[in-house]
1. So what's Rg/Rh here for the stretch 81-164, counting alpha carbon atoms and using the Kirkwood radius for Rh?
2. In square nanometres, what is one fourth of the surface area of the convex hull spanned by the alpha carbons of the chain?
3. For the pairs LYS6/LYS30; LYS97/LYS168; LYS97/LYS172; LYS30/LYS97; LYS130/LYS172; LYS30/LYS171, flag any whose C-alpha to C-alpha distance is greater than 32 Å.
4. All other residues with a Cβ under 9 Å from the Cβ of LEU85 taken together, and with Lys, Arg as +1 and Asp, Glu as -1, what is their net charge?
5. For a quick size check, give me the Cα extents of the stretch 3-78 along its three principal axes, largest first, whole Å.
6. Once a ≥ b ≥ c are taken as the square roots of the eigenvalues of the Cα gyration tensor of the stretch 33-137, is the result rounded (a/c under 1.5), prolate (a/b larger than b/c) or oblate (a/b not larger than b/c)?
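Coordinate-derived values only; no laboratory data. Since this is a predicted model, take the numbers as computed values, not measurements. Cβ placement follows ideal geometry from the backbone for every residue including glycine, while neighbour counts extend to all protein chains displayed.
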Amino acid sequence: MSRIGKKPIPLPKGVSYTVEGNLITVKGPKGTVTNHLPGGVTLVTEDGILLVKREDDSKAAVHGLVRALVNNAVVGVTNGWTRDLEIVGIGYRAEMKGKGIVVFSLGYSHPIEYPLPTGVDVTIDPKMTKLTLSGIDRQKLGQVAAEMRSLRPPDPYKQKGVRYVGEKLKKKVGKTGAK
């Protein structure tokens, strides 16, 4: 039995779900999240708790996955998800242009414009070096954060670039002088 798949998912007040074919839609106060539901896995509600059941052991591989995806959707529509990025480097910064475009200055010869997808919001601190991404879909939020980080990945030699807050970098030693 899957250890994660057996865990119950608490359904807070104001959160409901519907299953139509192979799609599950979770609705809550912050919005709606839709996920794919593979065959052989069913959702059962008991006393305000959502349980994920599988029909047999051949579906063990997706049992925990479905529970994690549904739990992420429930948490997303109630509390939302956030991801923090920091920009390290002299002259590196980010700023908003209009409502849906983030402009990065990352040491290239041109600024990089990143259009935000729907459902993802960005707030930038006054120093223009910290970004806070927020949204209700955890997968989309993580994808946007990874794409922003890939614009200038952290450099192990100079420690510059775009990184997640709290990300530890292993500093590498540069070249040594010739003797």
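1. Values: Rg = 12.0 Å, Rh = 12.8 Å.
The Rg/Rh ratio comes out at 0.94.
2. 15.3
3. From the list (LYS6/LYS30; LYS97/LYS168; LYS97/LYS172; LYS30/LYS97; LYS130/LYS172; LYS30/LYS171), the Cα-Cα distance tops 32 Å for LYS97/LYS172; LYS30/LYS171.
4. On the way: positive: ARG83, LYS130, ARG149, ARG163; negative: ASP84, GLU86.
Net charge around LEU85: +2.
5. Rounded to whole Å, the extents work out to 36, 23, 17 Å.
6. Prolate is the answer for the stretch 33-137, as a/c is 1.5 or above and a/b outweighs b/c.
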